[in-house]
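J.: One structure follows; several queries about it will come next.
The values are calculated or read from the model by the stated rules, or taken from the named source; none is laboratory data. Computed from a predicted model, the values in this text were never measured in an experiment. Cβ coordinates were reconstructed from backbone atoms using ideal geometry, including for glycine residues, and neighbour counts include every protein chain displayed.
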Amino acid sequence: MKFFATFCCAIFCFFLLCEAAFAGNNIEFLDKELIQKLNDGIYEVVTPKLEDDKISYARELPFEKLDYAERNEKYLSIGTAFFINEKELMTAEHVLSPRYFSLHKDFFIRDSKGKTYPLNKILKCSSRRDMMVFDLKEYPKKITPLAFNREVEIGDTVFSAGNALGEGISYRAGQVASFTPERVYGEWQEIRFTAPASPGNSGGPLLNMAGDVVGVVVQRRNWSENYNVAVPISEADELSDKAELYTRNAFVGIRGTAATHSRDWSYTATLPASLSELAGQARKSLKAFYITLRKELHEQVKEKNFPEGKRFRYFLRNQPAFRGLAPILPDITFRKWTATQVDFEKEQLAAGQDVYHGAHYGQEGGSGPMRRQDYFDMQVIVEKAPDVTLKDFLKSPHMVLETVLKAVPYFRVIGMERIPVTSLGEPEQTETWKDKLGRTWISSLWYVAYDNSFLATTCLPVPQGAACTVTSMRAGILTHGFLADTRQLCDELLVGYEGSLADWEEYLALGEKYLPTSLQQAEISYTGEQTKIRLKDFQVDLTTPEITKNSNLRLHFGYANDQLLAEDLILFSLFPEKEGAQSYTIRPYYEPSPFSSDRYRRVWKGSNAETGEFSGKKFAAQRDQVVVRKSALQTKTTITDPYGEKIKKIFAVGCSYQSLIAEEKDVEQDCGRFFRASRFLRSKAGYSWESPLTLCSLFRFLSPMKVARIVVFSAISAGSAGLPNNR
């Protein structure tokens, strides 16, 4: 009984507390008749959902999996607007966002019955105040303009009226919690209120109990939706007859470093104007602004950045070799430079056609900051099909992308299902251009209409097909100078060209339009057991049945030490079999920099003395690999870097064998044949092959006096057998 009495007392106290709490809550609700009247003045802002007939899918899209309203909705609901007089409406500037590129071009207001009315002209616009006034091409029959009330106090009951979550106009109650200075210059007091505001409420009115507008809802401050921001309606009095567009702290940086640069962007335009006219002007200005920011940033750090930085020049003394494309990156202080590459996975599409792909930012099963199941950002090496010519493959960006999509699906997400995209059709734009090193790139851009995004490929022609970066992002990124930034980054890539000798023959026949400057004079031929490969610095004339048209040649290019920005060969590798362990290599070595590793210093010392691993004797490089390597002291030369510093250079030739092969054949004798097949001729500028004359033919053509003056340089050049090579 005592327990029961205690329980009853507790219940009684609880109800007393609840009564006191409700008595202290002064929030009221709008009258039903007032809401009906307001509904004739507040509208959704919508834009048609976009579909593209060019896009093909692996199967029919399962729209039936979506909820009824979503699968039958023809529009995207993006915000709210309200009438301020019989002809003009107000919304938030960011709802229509004229500053940023979008695939959505047509906008409407929509009433509660689903009827739409197209926008006409922008009459007033301010990014800083996040306010926009516009009119319509046609109007609803019944309009209730909302009145302004410029007086509002902390504690006042207010209502966020708008298109919450795209589900139509609703009214939600709260209170004015505080006033805070606007974030840039503190020119006005923003209204902080507790009435819930959801995506879609932007641009809607903040109403008082009388249904008058006291502010324009512009943003949420937290995910619980109960602490939000409105611009006081009194700021509408400050809107001018010109569009005043503004972006605070437009920002650029250099990947991997602490180097950043930011400035405010502003732009004014004459009004009235159509949204497309205003957007075109603003986006052009903002894109140019970002390009200028990048130029200013690079000017600020050019003495330590690519390609002029002293530490970068030191990095060039010992450049690593990679397959495909490898970006070079500085550390946070620009003191240490490295080249990085994704881990490639191989997808065999058909006999003689593979795709190698590696994802950036954790795109494949990762959890990186850009992880999205319908986006990807990756590097690929795309081999053409055997029945397609290389020229036709490169001239068909859609064929390149469709080959990629067979290996790495690009998904469209509908409900909980992921449907692979098999084709995006022809690109919206394609451009062929040369980077600063004389390499040809093919850039293509596809719009993904259903998602207001884009997919871009930037491809370098290679003997097998194309080495590409593939990027998918929101369409608005295009305003930030994405394409210009991509061009700049292409200058900062190490490149590995690879293919069979037959592939190389077709590749070199492409001519100047597609070939890099560094390979335009290259020649490759093979007849029976005779193979001839001619490059800028040397020529290989090799007679062996092991080398056929299917043998694999890899030419890895980095940056020249003696020029500010030019491509130069860092490793030649010839593989009798495409995926085999046996290879013949030629590589230049450069004098170590003050920051070179101890390991490289030992390598350099050995290469200059024909000792150790450069003696021409076989040695075990790894547990299952035997290497023969020989330097040629005759090729010693001195070059001058852009700063006037002298750098010693020497070539070495090498051969690599699997241990089992090395047990069955005389590898020193085999590699000796390759030594003798590799020939260099020294000139003032370094080493260059001038004529395929043998020693005997030289004697036949020259008089005894001239013969006495000849210095003959024997086979000289070296490298390592495998990848990556960073010694």
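J.: Restricting to the stretch 225-249, and then to whatever is outside any strand (DSSP E or B) and aliphatic (A, V, I, L, M), can you tell me which residue is nearest to R192 (Cα to Cα)?
T.: Looking at residues that are outside any strand (DSSP E or B) and aliphatic (A, V, I, L, M), I get I233.
J.: In the stretch 601-618, what residues are farther than 18 Å from T637 by Cβ and charged (D, E, K, R)?
T.: R601, R602, E613, K617, K618
J.: Right, next: Can you say whether S583 is of a type in the set (G, A, S) and touching a helix residue (DSSP H, G or I) at 6+ places or on another chain (Cβ under 6 Å), as far as the supplied structure shows?
T.: On the way: of a type in the set (G, A, S): yes; touching a helix residue (DSSP H, G or I) at 6+ places or on another chain (Cβ under 6 Å): no.
The answer is no for S583.
J.: Can you give me the number of residues within the stretch 294-332 that are part of a helix (DSSP H, G or I), crowded, with 20+ Cβ neighbours inside 10 Å and of a type in the set (A, V, I, L, M)?
T.: Counting residues in the stretch 294-332 that are part of a helix (DSSP H, G or I), crowded, with 20+ Cβ neighbours inside 10 Å and of a type in the set (A, V, I, L, M) gives 1.
J.: Next question. Filter the stretch 561-580 down to the residues that are touching a helix residue (DSSP H, G or I) at 6+ places or on another chain (Cβ under 8 Å) and either within 14 Å of R317 (Cβ to Cβ) or of a type outside the set (A, V, I, L, M) (or both) and list them by number.
T.: Once the filter is applied, which keeps residues that are touching a helix residue (DSSP H, G or I) at 6+ places or on another chain (Cβ under 8 Å) and either within 14 Å of R317 (Cβ to Cβ) or of a type outside the set (A, V, I, L, M) (or both), the stretch 561-580 yields N561, E567, D568.
J.: Another question, if that's okay. Determine whether K242 is charged (D, E, K, R) and under 16 Å from G476 (Cβ atoms). Reasoning before the result, please.
T.: On the way: charged (D, E, K, R): yes; under 16 Å from G476 (Cβ atoms): no.
So K242 fails the test.
J.: May I pose another question? Output yes when any residue across the stretch 163-177 is at negative phi, touching a residue at least 24 places away in the same chain (Cβ under 8 Å), touching a Lys or Arg at 6+ places or on another chain (Cβ under 8 Å) and surrounded by fewer than 20 Cβ atoms within 10 Å (Cβ to Cβ), and no when none is.
T.: So far as the stretch 163-177 goes, yes, one or more of its residues are at negative phi, touching a residue at least 24 places away in the same chain (Cβ under 8 Å), touching a Lys or Arg at 6+ places or on another chain (Cβ under 8 Å) and surrounded by fewer than 20 Cβ atoms within 10 Å (Cβ to Cβ).
J.: Go through (1) within 16 Å of E492 (Cα to Cα); (2) outside any strand (DSSP E or B); (3) out of contact with any Asp or Glu (no Cβ under 7 Å at 6 or more places or on another chain); (4) not hydrophobic (A, V, I, L, M, F, W, C) one by one and return the number of the condition K436 breaks.
T.: The one condition K436 does not meet is (3).
J.: Taking the stretch 495-540 as the search range and keeping residues that are assigned to a strand (DSSP E or B) and out of contact with any Lys or Arg (no Cβ under 8 Å at 6 or more places or on another chain), which one is nearest to T389 (Cα to Cα)?
T.: First pass over the stretch 495-540, keeping only residues assigned to a strand (DSSP E or B): 495-500, 523-527, 530-534, 539-540.
Going one step further and asking which of them are out of contact with any Lys or Arg (no Cβ under 8 Å at 6 or more places or on another chain), we end up with 499, 527, 530-534.
Working: G499: 14, T527: 22, Q530: 25, T531: 23, K532: 23, I533: 22, R534: 24 Å.
Ranking the qualifying residues of the stretch 495-540, first place goes to G499.
J.: Out of K87, K32, which single residue is free of Cβ contacts under 8 Å to residues at least 60 places away in the same chain and either under 20 Å from A210 (Cβ atoms) or outside the structural domain of T116 (by TED's automatic domain parsing) (or both)? Before the answer, list the steps.
T.: Values: K87 fails: either under 20 Å from A210 (Cβ atoms) or outside the structural domain of T116 (by TED's automatic domain parsing) (or both).
Unique residue meeting the criteria: K32.
J.: Name the single residue, out of those in the stretch 140-162 being more than 17 Å from L38 (Cβ to Cβ) and of a type outside the set (D, E, K, R), that is surrounded by the most Cβ atoms within 10 Å (Cβ to Cβ).
T.: Taking the stretch 140-162 as the starting set, the residues that turn out to be more than 17 Å from L38 (Cβ to Cβ) are 150-156.
Checking which are of a type outside the set (D, E, K, R) leaves us with 152, 154-155.
Numbers: V152: 22, I154: 12, G155: 9.
Here the residue is V152.
J.: Hey, any hits in the stretch 102-122 for a residue that's hydrophobic (A, V, I, L, M, F, W, C), part of a loop (DSSP other than H, G, I, E, B), in contact (Cβ under 8 Å) with a residue 24 or more places away in the chain and out of contact with any His (no Cβ under 8 Å at 6 or more places or on another chain)? Steps first, answer last, please.
T.: Taking the stretch 102-122 as the starting set, the residues that turn out to be hydrophobic (A, V, I, L, M, F, W, C) are 103, 107-109, 119, 122.
Still in the list and also part of a loop (DSSP other than H, G, I, E, B): 103, 107.
Restricting the remaining residues to those that are in contact (Cβ under 8 Å) with a residue 24 or more places away in the chain gives 103, 107.
Imposing the further condition that a residue be out of contact with any His (no Cβ under 8 Å at 6 or more places or on another chain) reduces the set to 103, 107.
Yes: the stretch 102-122 contains one or more residues that are hydrophobic (A, V, I, L, M, F, W, C), part of a loop (DSSP other than H, G, I, E, B), in contact (Cβ under 8 Å) with a residue 24 or more places away in the chain and out of contact with any His (no Cβ under 8 Å at 6 or more places or on another chain).
J.: Against the condition more than 33 Å from the chain's Cα centre (by Cα) and modelled with pLDDT of 95 or more, how does E529 come out, does it pass?
T.: Values: more than 33 Å from the chain's Cα centre (by Cα): yes; modelled with pLDDT of 95 or more: no.
Here the answer is no, as E529 does not meet what is asked.
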